[in-house]
Structures are given as structure tokens and as C-alpha cells.
Amino acid sequence: MNILFVVKEFPHSRVVGGPIIIYYRVKHLSENHTVSLVAFDPHGATPEQVSSIEGFCRDFRLVPLPAPRSLPRRAWDYLAGPVPPYFMPNRSEEMYREIREMVSAFTYDVVISEYSMVAQYLYRNPDLSGVKRVMSVHECYYLARRKVLEMEGFSRAGLGALMQLKGLKGFEFDMYADADKVLTLTGEGKDELLRIRGDLDISVVPHGVDVEGFRPARRGGEARPTVTFLGNYLHDPNRDAAVYFATEAWPHIKEKVPGCRFLVVGRGPTPDMLELAEKDPSIEITGEVDDVRPYLNESDVFVCPVRLGGGFRGKVLEAMASGVPVVSTRLGAEGLPALDGENILIADTSDELARATVSLLTDREAAGRLASNARRLMEERFSWKSGVKILEEVLEEVVADPPRTP
């Protein structure tokens, strides 16, 4: 097959968060198929990052994000823009032009949008006539914004979510209905979409982890007790999780386990996060790192206290593969065949998060048993090749079906 990926954020071998799944999809599909990629590059890719994926691609292009819109332009977009306000910051004529050039220069069987934000470039795009269109939904924006509104009410964040909901549900689900196939990362994600639009054609293609690259490492017995969370904090569910854990659960953990530290790893720490670290020396914020593995190898417990968003948390898989016991909310463990008390501890309130974390910090035998079971689960069910094999089979079925006209 000839496959074109259209990606929201440039994926490379060291990226933290959701884009890592795209890197491995491109890498493994390129073994048997011709793969090309066009992606937004919001942070300025380094030569090393480019070289980590460019060799897998027939055609590889990066597009700068559109310039920020002025306040009058944003007001006009809100009232009369061609797409809902939530999609407008990523509306790029240059992206449309690059896709047009790529499909004119080479014949593609299928184009895949990774993240719904760039599915707009597949939706009713006449340049893609005769090309199968697959929309990979890492997170449903309508459901995510609605969840923020329900949790935050009429706060500033809640009102912001309310404004972002304008026109979002209809447009987003019309996009999905127009696709030849929709992909979700979890069965729960599939069910959520079908409850709103029952006629969608959806397949589940799970996340994965590099079980060879992420491996357990022995820690010194005198090392400082460390609890870790990692993510891209420009994505608000990660910022919310870090702040929620640091303010609501961490004070109780420090009281029970003196000398422990909360290690917050990843790109884009926000001012409220940095302020928390300034006030509390036990909270350490790294910012963007080249490789998360050394930080996981320093960890006694990995926490995933997410309350917002949807999809699959690859960070949980990386922690499990690294032999770090995990405490997570049910939302954070979505899509995992995880068993509370066997390969993970589930905790949905701040008190539960604190108690579960303390139990693993103070009972090394229980922590080791949990970590070993989780590592076994990663080896048996979540290697990247097994997930990409499922994707490959789905794409072959899509390409074999009669074509649809956008």
C-alpha cells in the first residue's frame, strides 16, 4: 500500500506523549509499504529529530503552524469562520497546498489523519478524490470540551470550554461520518463515539510500547523515594493532572513518606506548575527532555491522575514496561486490560491517590509484584509490532473496499 500520514504534531523517536504512536506506526508500516508524512512542526524540529523518521518516508514535509490570529480576526472566525472556533488555530492553507502537491506527485491508496484536528484536511477535500480517508481519533474534542465544562462549571476554564463547543459536535461528527474508516485507541473510545453517531465505521487500533527500549532497571536502596508523572503540559488534561496531584494528594504523601519527591517530566510546564515547584522543593519539574527512560528508571511509583480528556495514555505503558508500579485514575487506565491490585492500583479521588501511592512507597514487595505483572502484560499484549499489525489489517480492508468520493 501507498500510505500518506497527515499529522497534527511532528512525531519523532524521542517525543513525549501521543505522537510517539505515530512514529512507530510510520516506522513499522514502512517495512512492507510505502509511507509518506506531512506534519505541523510547532516547536522547530532539530536535525536529529528529523533524521529519526525521515528515512522511513518516501516524501517527508513539515509545515509551520499558522500565525496567531488577531483579536478582530478571532472574533470574525468565531461568528463566521469556515470551521468551528476550536479548529481555527490549525486552519492552514499551506497544509492544504502540501497535501495537494503530495497526492499530485504520487498515487496514494489511503491517507490517515492522526488527531482529529487535522482530519479537517481530509473532510470533503476534492484533492483526495479516489484516495481512501482514515481518521485516527486520539481524543474526541467535543467530549473532551464537554467534560471540562461539566467539571469546571462557570469558572474561567469552564466558560472557555463552553465557547469552544460552538459548532463543534456537528462538525466533528460530520467529519467522522464522511471518512472511509474511523480509528480509536480504545473500545471505550469507540463506544463513546457510537453513542453519539451510531452509523460510524470504527475499528480499535491500540497503543503500544517499545518493550525492548523500555526495560526495568535496578535502583539503589538508598535512593530518594520518587513519584513520577510525565506528559506534554501544553495539553490541558496533563497540566490539570499534575496540578491536581501536587495540590490535593502530594501533601498527604509527603507527610507519610518524609524525604520523597514528585518528579514532573515533560514539555511545556505552565506558570501554575512552576509556581508550585517554587513553593515546594519536593516538587521537581524537568521541562522537555531528550529521553524519558532515565527518569522512569529513577522512579519508585508512576502516577497518572488524569481527570480530563480521553484516548490512551502511552505514558502508562512506558512506566509499566520500565518496571515501575502504576497508580492511575480509571480514566488514565482507559483501554488497558488492567486489574486493580494485580498490575495497577486504581484511585479516582485525591485521598485514594495518596493512599495507593504511599502503600507502594512503603511496601516494596507489593510494589515489585505489581510491577512484574504489569511488565508481563506489556510483553504479551502491547508490543508496537502487534498494534501496527492490527492497523495494517484494517488499512488493507479499507483499500480493498470500493472507493468513495469526498
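The values are calculated or read from the model by the stated rules, or taken from the named source; none is laboratory data. Everything quoted here is computed from the prediction, not taken from an experiment. Counting neighbours? That spans all protein chains shown, and the Cβs are built from the backbone with ideal geometry, glycine included.
Mind checking which residues of the stretch 340-384 are surrounded by fewer than 14 Cβ atoms within 10 Å (Cβ to Cβ) and more than 20 Å from ARG218 (Cα to Cα)?
The answer is ASP340, GLY341, GLU342, THR349, ASP351, GLU380.
Out of all the residues in the stretch 54-62, is one or more in contact with a strand residue (DSSP E or B) (Cβ under 8 Å, 6 or more places away or on another chain), in the same structural domain as VAL131 (by TED's automatic domain parsing) and under 20 Å from SER386 (Cα atoms)?
So far as the stretch 54-62 goes, yes, one or more of its residues are in contact with a strand residue (DSSP E or B) (Cβ under 8 Å, 6 or more places away or on another chain), in the same structural domain as VAL131 (by TED's automatic domain parsing) and under 20 Å from SER386 (Cα atoms).
Do we have PRO337 as modelled with pLDDT under 95 and not assigned by TED's automatic domain parsing to the domain that holds SER322 here?
Here the answer is no, as PRO337 does not meet what is asked.
For the stretch 286-323, enumerate the residues that are touching a Cys at 6+ places or on another chain (Cβ under 7 Å) and not in a loop (DSSP other than H, G, I, E, B).
LYS315, VAL316 - these are the residues of the stretch 286-323 that are touching a Cys at 6+ places or on another chain (Cβ under 7 Å) and not in a loop (DSSP other than H, G, I, E, B).
For the structure I just gave you, tell me whether GLY268 is touching a His at 6+ places or on another chain (Cβ under 9 Å), over 19 Å from TYR115 (Cα atoms), part of a loop (DSSP other than H, G, I, E, B) and not basic (Lys, Arg). Don't jump to the end; show me each part of the working.
On the way: touching a His at 6+ places or on another chain (Cβ under 9 Å): yes; over 19 Å from TYR115 (Cα atoms): yes; part of a loop (DSSP other than H, G, I, E, B): yes; not basic (Lys, Arg): yes.
Taking the combined requirement at face value, the residue satisfies it.
Out of ALA45, ALA119, ALA67, ALA105, I need the residue that is under 26 Å from PRO206 (Cα atoms), among the aliphatic types (A, V, I, L, M) and outside the structural domain of ASP291 (by TED's automatic domain parsing). Which one?
ALA119
Report yes if PRO271 is more than 20 Å from the chain's Cα centre (by Cα) and farther than 20 Å from PRO325 by Cβ, otherwise no.
For PRO271, the condition - more than 20 Å from the chain's Cα centre (by Cα) and farther than 20 Å from PRO325 by Cβ - is met.
Do we find that SER372 is without any contact (Cβ under 8 Å) to a residue 24 or more places away in the chain and among the polar types (S, T, N, Q) in this structure?
Here the answer is no, as SER372 does not meet what is asked.
Output yes when any residue across the stretch 61-79 is touching a residue at least 40 places away in the same chain (Cβ under 8 Å), within 23 Å of TYR176 (Cα to Cα) and outside any helix (DSSP H, G or I), and no when none is.
Within the stretch 61-79, none of the residues are touching a residue at least 40 places away in the same chain (Cβ under 8 Å), within 23 Å of TYR176 (Cα to Cα) and outside any helix (DSSP H, G or I).
Tell me which residues, restricted to the stretch 192-238, are in contact with a Gly (Cβ under 8 Å, 6 or more places away or on another chain) and either among the aliphatic types (A, V, I, L, M) or without any contact (Cβ under 8 Å) to a residue 60 or more places away in the chain (or both).
Passing the criteria: VAL204, VAL205, VAL209, ALA217, ARG224, LEU230, TYR233, LEU234.
Could you list all residues from the stretch 15-41 that are in contact with a Phe, Trp or Tyr (Cβ under 8 Å, 6 or more places away or on another chain) and assigned to a loop (DSSP other than H, G, I, E, B)?
VAL15, GLY18, SER30, ASP41 - these are the residues of the stretch 15-41 that are in contact with a Phe, Trp or Tyr (Cβ under 8 Å, 6 or more places away or on another chain) and assigned to a loop (DSSP other than H, G, I, E, B).
Of these, TYR108, TYR86, which one is assigned to a loop (DSSP other than H, G, I, E, B), under 22 Å from THR184 (Cα atoms) and of a type outside the set (Lys, Arg)?
When all the criteria are applied, what remains is TYR86.
Do we find that LEU274 is out of contact with any Pro (no Cβ under 6 Å at 6 or more places or on another chain), free of Cβ contacts under 8 Å to residues at least 12 places away in the same chain and among the hydrophobic types (A, V, I, L, M, F, W, C) in this structure?
Criteria met by LEU274.
Consider VAL394 carefully, then state whether it is surrounded by 19 or more Cβ atoms within 10 Å (Cβ to Cβ) and of a type in the set (A, V, I, L, M, F, W, C).
no
For residues in the stretch 111-123 being hydroxyl-bearing (Ser, Thr, Tyr) and not in a loop (DSSP other than H, G, I, E, B), which is surrounded by the most Cβ atoms within 10 Å (Cβ to Cβ)?
Checked the stretch 111-123; the qualifying residue surrounded by the most Cβ atoms within 10 Å (Cβ to Cβ) is SER113.
Checking the structure you have, find out if any residue of the stretch 184-191 is within 22 Å of TYR24 (Cβ to Cβ), free of Cβ contacts under 8 Å to residues at least 40 places away in the same chain and in the same structural domain as LEU391 (by TED's automatic domain parsing).
yes
Name the residues in the stretch 92-105 that are assigned to a helix (DSSP H, G or I) and in contact (Cβ under 8 Å) with a residue 24 or more places away in the chain, would you?
Hits for the stretch 92-105 are GLU94, MET95, TYR96, GLU98, ILE99, ARG100, MET102, VAL103, ALA105.
So how many residues does the stretch 211-234 have that are more than 22 Å from MET320 (Cα to Cα) and surrounded by 20 or more Cβ atoms within 10 Å (Cβ to Cβ)?
Counting residues in the stretch 211-234 that are more than 22 Å from MET320 (Cα to Cα) and surrounded by 20 or more Cβ atoms within 10 Å (Cβ to Cβ) gives 0.
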